[in-house]
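Reading through the structure tokens given below for one structure.
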Amino acid sequence: MITMKFGGTSVGDLQRLQEVATIVHSYLPQHPVVVASAMAGVTNMLLDTAQLAVQRDTDRVKKNIEALKEKHLDVANTLLKHAGRHKELIHRQSQLIEELANLYRGVSLLKELSVRSLDAIASFGEILSCLQLAAILSDHEMTAEFVDARTLVRTDGHFGEAAVDFAVTNANIRKTLQPMVGKNVVPVVTGFIGSTEDGLTTTLGRSGSDYTGSIVGAALDSEEIWIWTDVDGVMTADPRYVKGAKVLSEISYREAAEMSYFGAKVIHPKTMMPAIEKNIPIRIKNTFNPSHPGTLISHTTSAIERFVKNITSIDNLSLVSIEGNGMVGVPGISARIFSALARVRVNVMMISQASSEHNVCVVIPQKDCGKAVAELRSEFEVDIAKKIVDDIKLQENVSIVAVVGEGMKGMRGIAGKTFSAVANANVNIVAIAQGSSELNISLVVEQAEVRKAVQAIHDAFEPR
């Protein structure tokens, strides 16, 4: 058994939906379970329309609802040849659109849009998408059945990013889906959504459909979980900015997590957790190029192929430095820095500290630098007056460049090669950090020079 999750671009138009049907049909002997997203752009349209409903912009709400209806009815009218199946899908989609319109009317009347209402509205994208995909698969001589994930995935009431109750969810998935697979039925499960114990609709947050795919695949002990998207797999760098970027045949879960944190569009760390617990590999595949083997993500990875797997970067950051001769040997300075930043809900992307303890610098999102500096100056106001801390300094418009690879551990010369490549590109390094795992070397550069730095490091480690 394999679990296949298809993203928004994979089910985004008529051609792609036909391709998905062909892909699923070709893997019928492996008993596929399908999880799918809303069609590309639909979730954003649903949420944007909710904001218009709050503003009582009736004309634009009606226009968007009509566009949403036409988008899905066009699929049914074009792709479904079986008259009965076509009639049933049109009826169910029309009912859903009317239910959605009623929700928008309620939001408009109350002039209130709660996170609970947003989750209910957002769920329509996946439901409409999976209803039509199940019908399309059935029209391609497969026995497929729509499955509403709200009957499977039990969550808490944290609307917008609900936490999954795995004990209940796993039991529901096995009870519902295993008999279907045993009868050679292809379940088509809505991604992204779940429900509370009271039956209220919830969503699973960022990359929620990928997460659903992993949850379903792990519960069913699938051989692999395939995430179908619009790229051939995980690459050595962002091909939009780096010449010579290549697809990686395999990476480890740890490498994938590091890459994702530092800006690579790989897979959200949350998505991997169910698969990691069951030791089930995740494969990134391309619906636009289905014959490509993609990238396999698993517990183990070969370092023979390359020691450094990926060079990525995060932009729009600021570097905040706290320094002073009086800080040397004084306990609690770092604790006070992080406590102050936590009070104003600022995420620390990276930390670097001189061994003399004279300087501690943190890298944070640039949008948060104002409140971060203000809070730190308030926290250390007395220390600044006593000259224990000299000042809180800010450098804006910086980027983190991350060099990631499990094969780097214990390998001499990796750091030297990295810094030499950056120096040869005439790029100045502002700060450096490396964890004891040796899985990642991070360095801060001015944002204007980040692409040059990434290209230089990539070139330095590209196998000749």
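Computed from the coordinates by the stated procedures, all read-outs in this text should not be read as laboratory data. This is a predicted model, so every value here is computed, not measured. Cβ atoms come from the backbone with ideal geometry, glycine included; neighbour counts cover every protein chain shown.
Some points to look at:
- Computed over every Cα-Cα pair of the chain and binned at 20 Å starting from 0, the pair-distance distribution P(r) comes out as 22, 47, 28, 3, 0 percent.
- Calculated FRET efficiency, residue 198 to residue 223, Cβ-Cβ distance, R0 = 25 Å: about 0.10 to the nearest 0.05.
- In summary, the range 2-230 shows an alpha-carbon radius of gyration equal to 0.98 times the 2.2 N^0.38 Å reference for compact globular proteins.
- Degrees separating the helix 369-379 axis from the principal Cα axis of the chain, which is the longest one: 50
- Annotation for the range 221-253: chymotrypsin sites (Phe, Trp or Tyr not before Pro) lying in DSSP loop with at most 15 further Cβ atoms inside 10 Å of their Cβ are 241.
- Projecting label points 7 angstrom from Cα along Cα→Cβ for residue 163 and residue 459 puts them 4.9 nm apart.
- Of the peptides 65-75, 278-288, 257-267, the order by per-residue mean of other Cβ atoms within 10 Å, starting with the highest, comes out as 257-267, 278-288, 65-75.
- The range 321-424, relative contact order in percent, only Cα pairs under 8 angstrom and at least six apart counted: 32
- Derived scalar couplings between HN and Hα for the range 144-157 equal 10, 9, 5, 10, 7, 4, 5, 8, 10, 8, 8, 10, 7, x Hz in order, rounded to whole Hz, by the Karplus curve 6.51 cos²θ - 1.76 cosθ + 1.60 (θ = phi - 60°), x for Gly and Pro.
- At an R0 of 35 angstrom, the distance between the Cβ atoms of residue 102 and residue 28 translates into a FRET efficiency of 0.35.
- Between 0 and 90°, nearest 10: helix 269-278 axis offset from the chain longest Cα axis: 70
- Lys pairs, the range 310-461 - Cα-Cα below 30 angstrom, 8 or more residues apart or on other chains: 10
- Volume per residue that the Cα convex hull of the range 310-461 spans, once the total is divided by residue count, Å³: 114
- Each peptide among 311-324, 42-55 gets the average number of other Cβ atoms lying within 10 Å of its residues, and from highest to lowest they stand as 311-324, 42-55.
- Projecting the Cα atoms of 269, 424, 94 onto the charge dipole of the chain, computed from C-beta unit charges around the Cα centre, puts 424 farthest toward the positive end.
- Crossing angle, helix 450-461 versus the chain [Cα axis fit, 0-90 degrees, rounded to tens]: 90
- Nearest-0.05 FRET efficiency for residue 412 and residue 90, computed from C-beta distance (R0 56 Å): 0.25
- Proximal lysine pairs, the range 2-230, alpha carbons under 18 Å, eight or more residues apart or interchain: 7
- Chain lengthening between residue 351 and residue 115 when straightened (0.36 nm per residue, less Cα-Cα): 81.6 nm
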